[in-house]
Amino acid sequence: MIFKYIQEPVQGALLRSRDSLIYLNRSIDQMGWRLPPRTKPYWWLYYIWTLVVIVLVFIFIPYGLIMTGIKEFKNFTTTDLFTYVQVPVNTNASIMKGIIVLFMRRRFSTAQKMMDAMDTRCTKMEEKVQVHRAAALCNRVVVIYHCIYFGYLSMALMGALVIGKTPFCLYNPLVNPDEHFYLATAIESVTMAGIILANLILDVYPIIYVVILRMHMELLSERIKKLRTEVDKGDDQHYAELVDCVKDHKLIVEYGNILRPMISATMFIQLLSVGLLLGLAAVSMQFYNTVMERFVSGVYTIAILSQTFPFCYVCEQLSSDCESLTNTLFHSKWIGAERRYRSTMLYFIHNVQQSILFTAGGIFPICLNTNIKPAIIWW
């Protein structure tokens, strides 16, 4: 069943952390970004598909956009010019992010193995249910993004068919739109579907991986609250539980470190492109003559900010989770414990005070303030 990975938990069919990536991985497979080992049969077919996608998305689209600008530049009004420039900025930013992910894609498989390791600590039913709900939430996010992104493509395609003009006016040296309109529209729609799918993957993957990280942080916080609460256990058992919590936190930190270089690079490009697009939108607003044009520009601005807002919000919540984990650990029942327990606890408190933060390009933190500032400047 298509939507079985977004349903509520059912006994005997609970999802694991890695199941949060099912829909995302299917999209990645469609883009040809997960190359199979050469030991598998017909592996070369997938390699050919990867090459075709790279040529169409990373070469044909930029070429078409550049040639469109060159050929139509003399016919551009000031408004058309600023509107046109925004498309290459957004598209080329997606291409640069895609290249980064392609070179760092092995970090995805490493992170998935770490998800499995973190799941081994989820032995209680309530913990497994929480893992299932987080995985289902991540899959729902991917479905929602698909509806939004490809809904836009569908509307653009229908509008093109109504007015008799290709949806994105890409230059095509092989097919003349005036002579073969439907063929040119089909080629343009398929290639733009590729860049839209790539953009979807690049916008969604940080959200999913960090949501899973937050979920395991919450589970760790619950385990810390229960330390030394069971009076029937001895000192050795209490100490073993504390050591397990230390190991859990270490694994969570390593999980974040594996993802940090990829997220840092792609989000830096994303936030930079958002800043450029907001600047271009602000300038183009000065040349709009009708209220409708200004309204459309405002809607477009909201759409731009929505590309970065969800992940900035998740990172903001992660920062709060780290602070909450420190307070939870400090207020746990460690006073009166044996010496080795208190020594390990002090070491643990020192480690959890170092928050798991994600930065854009290693320059500025990814948070709501970072996402909101460009909008304030724009207005």
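Note on Trp334, Trp49: ascending count of other Cβ atoms within 10 Å places them as Trp49, Trp334, the fewest first. Counting only Cβ charges, +1 for Lys and Arg and -1 for Asp and Glu, the dipole size of the chain around its Cα centre is about 720 debye. Taking other Cβ atoms within 10 Å as a rough exposure proxy, Ser332, Ser221 sort from fewest to most as Ser221, Ser332. Pairs of Cα atoms nearer than 8 Å and 6+ residues apart set the relative contact order; for the chain it is 23 percent. Among the helices of the chain, those built from whole DSSP H runs whose Cα atoms reach 24 Å or more along their own axis and whose mean Kyte-Doolittle hydropathy is at least -1.0 are 78-103, 125-163, 181-225, 235-285, 291-330. Computed over segment 18-97, the quotient of the alpha carbon radius of gyration and 2.2 N^0.38 Å is 1.52. Applying both filters, DSSP loop and at most 11 other Cβ atoms within 10 Å, to the GluC sites (Glu not before Pro) of segment 228-267 gives Glu230.
If you wrap the tightest convex hull around every Cα atom of segment 1-150 and split its volume per residue, you get 157 Å³. Here segment 121-199 is treated with +1 on each Lys and Arg Cβ and -1 on each Asp and Glu Cβ, and its dipole about the Cα centre works out to around 600 debye.
Taking the Cβ-Cβ separation of Tyr182 and Glu8 as r and a Förster radius of 45 Å, what is the calculated FRET efficiency to the nearest 0.05? The value I calculate is 0.55. Which part of segment 338-361 falls in the paramagnetic zone of Val231, meaning amide N under 18 Å from the point 7 Å along Cα-to-beta-carbon? Those under the cut-off are 338. Gain on full extension, evaluated as 0.36 nm per residue between Val190 and Ser343 minus their Cα-Cα distance, stands at 49.0 nm. Farthest toward the positive end of the dipole of segment 4-378, out of Tyr149, Ser221, Ala186, is the Cα of Ser221, where the dipole comes from beta carbon charges about the Cα centre. For a straight C-alpha distance cut-off of 29 angstrom, the lysines reachable from Lys233 (same-chain residues fewer than eight places away being disregarded) are Lys124, Lys128, Lys225, Lys247, Lys250, Lys333. Taking GluC sites (Glu not before Pro) across segment 171-219, the ones in a DSSP loop with at most 11 further Cβ atoms lying within 10 angstrom of their Cβ are Glu179.
Can you tell which of Leu272, Gln112, Ile54 lies farthest toward the positive end of the dipole of the chain, using +1 and -1 charges on the Cβ of basic and acidic side chains (Lys, Arg; Asp, Glu)? About the Cα centre, the residue reaching furthest to the positive side is Gln112. Each label point was placed 7 Å from the Cα along the Cα-to-Cβ direction; for Gln317 and Ser154 their separation is 2.7 nm. When the Cα positions of Met67, Leu161, Tyr313 are compared along the charge dipole of segment 4-378, Tyr313 comes out farthest toward the positive end, with charges on each C-beta of Lys, Arg, Asp and Glu.
Residue separation of Asp244 and Lys71 scaled by 0.36 nm, minus their Cα-Cα distance, works out to 55.8 nm of gained length. This ranking places Arg339, Arg214, Arg26 by how few other beta-carbon atoms lie within 10 Å of each, fewest first, which gives Arg339, Arg26, Arg214.
No value in this document is a laboratory result; all are computed from the given coordinates. For clarity, every value in this text was computed on a predicted model and none was experimentally measured. All Cβ positions, glycine included, derive from the backbone under ideal geometry; neighbour counts span all protein chains shown.
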